[in-house]
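Asker: Okay, handing you the structure first.
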Amino acid sequence: MNLFHAMTRAAAMAVFLTAAAAAGASQSISVEPFGETPEGEAVDLYTLVNANGARAEITNYGGIVVRLEMPDRDGALGDVVLGYHNLDDYIADNPYFGCIVGRYANRIAGAQFELDGETYTLAANDGNNHIHGGERGFDKIVWEAEGVTTPSGPALRLHYLSPDGEEGYPGNLDVSVVYTLTNDNELRVDKRAETDAPTICNLTHHSYFNLAGQGNILDHVVMMPADHITPVDGELIPTGELMPVEGTPFDFREPAAIGEDIDADHPQIEHGLGYDHNWVYTKESGELTLLARVSEPTTGRVMEVLSTKPGLQFYAGNFLDGSITGKDGWTYEQRHGFCMEPHYFPDAPNQPDFPSATLRPGEEYNHTYIYRFSVEDGE
């Protein structure tokens, strides 16, 4: 079930260049060593540059987006994701900065689920519950990697075969992820997975974005065309209900600043210390649609989030606490970054009324999502 052949390390050290024919400009992919894991696995850092000069640095450790440089309204490039300069920090203390999350993104209640009459026990790595694939989820894996050029822009293909029983999940799960930095200034992510036994699969991306580059994100303006969220209990586990956003701090159907109601007197705000919830989208299965638009007034940067899945976890960095010093000496305080995580709903394996995240032999998990960047004029 291999989805592509891994490059040899010697071949991976080449630099790939191609012409972006339509634009008459160049795009490139380069690779350099990024360190070793404590187990001695070599890790690389790939740099993708599109025809406009936008840049993404991605490591095959966890598929982490280390840097993502996009232009502001004056054309100046700036890094819009939180993280570290080196591998050691990602290994030592990483609140999922920029990574691939799996096998199951978000939370599973009681760290267990039932499938076809059998109960599977997972790591309880979030209090009593399971989160983001367990103690050694896909964010801590050294993926096979291959840099390629495409008509759309430079791309990085990643592959991992998750063995049966890893972190308690059944079935051998064959996973591929393709990051493409398109010449339209999009970070496009295409994910595919197959299994040889019934299992669950729910993958996402976990960059902490800050379109200003530094500081808090409270002045960022968000629009999410969703009528409901999945409300949660005190452990941030969905109750199984759908809560209308109308008349609540969760109504972003019209653009509103993140900070406008983030500390409102509302039980759901209290549970998440702000926004840490799943917004619900009604659409055809597999349809690529707009889930969110975020703009930052000082730089003019705009990010749109599109996805083929029905849920979007919007997390406003509420648990950042100033204990982490990241790139360029920046101390990450509460709400210095936000996450937009497209996926199935949290705890779907234990919620029969939620869209199913079950994957069976002969089926293919497919998920495409896009972070599309542009700029808007100032007032």
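Asker: What's the ranking of 369-376, 248-255, 342-349 by average number of surrounding C-beta atoms within 10 Å, highest first?
Answerer: Final packing ranking: 342-349, 369-376, 248-255.
Asker: Residue by residue through region 229-245, which ³J(HN,Hα) values in whole Hz follow from phi under the Karplus form 6.51 cos²θ - 1.76 cosθ + 1.60 (θ = phi - 60°), with glycine and proline marked x?
Answerer: Once rounded to whole Hz, the list reads 10, 9, x, 10, 8, x, 9, 6, 9, x, 7, x, 8, 10, 10, x, 7.
Asker: Which net charge results when you count Lys and Arg as +1 and Asp and Glu as -1 among the other residues whose beta-carbon is under 9 Å from that of L242?
Answerer: -3
Asker: So if I average 1/r over every pair of distinct C-alpha atoms in region 153-271 and take the inverse, what Kirkwood radius in Å does that give?
Answerer: After inverting the pairwise mean of 1/r, the radius is 18.0 Å.
Asker: Let me ask you something else. If I stretch the segment between A197 and E135 completely, what's the gain in nm (0.36 nm per residue apart, minus their alpha carbon distance), one decimal?
Answerer: Additional length available on full extension: 20.1 nm.
Asker: Okay, moving on. So how do 357-366, 156-165 stack up, highest first, on mean other-Cβ count within 10 Å?
Answerer: 156-165, 357-366
Asker: Net charge near L211, counting Lys/Arg +1 and Asp/Glu -1 over other residues with Cβ under 13 Å of its Cβ?
Answerer: After counting each charged neighbour, the total is -3.
Asker: Can you give the direction-averaged projected area of the convex hull of the alpha-carbon atoms in region 275-333, in nm²?
Answerer: 5.5
Asker: Normalised by the residues of the chain, what does the relative contact order come to in percent, with Cα pairs under 8 Å and at least six apart?
Answerer: Once normalised by length, the contact order is 16 percent.
Asker: Now for a different question. For region 260-379, divide the Cα radius of gyration by the Kirkwood radius and give the resulting Rg/Rh value with two decimals.
Answerer: Taking Rg over the Kirkwood Rh, I get 1.02.
Asker: Based solely on C-alpha atoms, express the radius of gyration and the Dmax of region 9-375 in angstrom.
Answerer: Looking at region 9-375, its Cα Rg and Dmax stand at 19.5, 58 Å.
Asker: Here is a follow-up. In the calculated pair distance distribution of region 174-239, what percentage of Cα-Cα distances lie above 13 Å?
Answerer: Every Cα pair in region 174-239 considered, those over 13 Å come to 80 percent.
Every read-out reported here was derived from the displayed coordinates using simple, explicitly stated rules and does not represent laboratory data. In this text the structure is predicted, and so the values were computed from the model without any measurement. Neighbour counts are summed over all protein chains in view; Cβ atoms, including those assigned to glycine, are modelled from backbone coordinates with ideal geometry.
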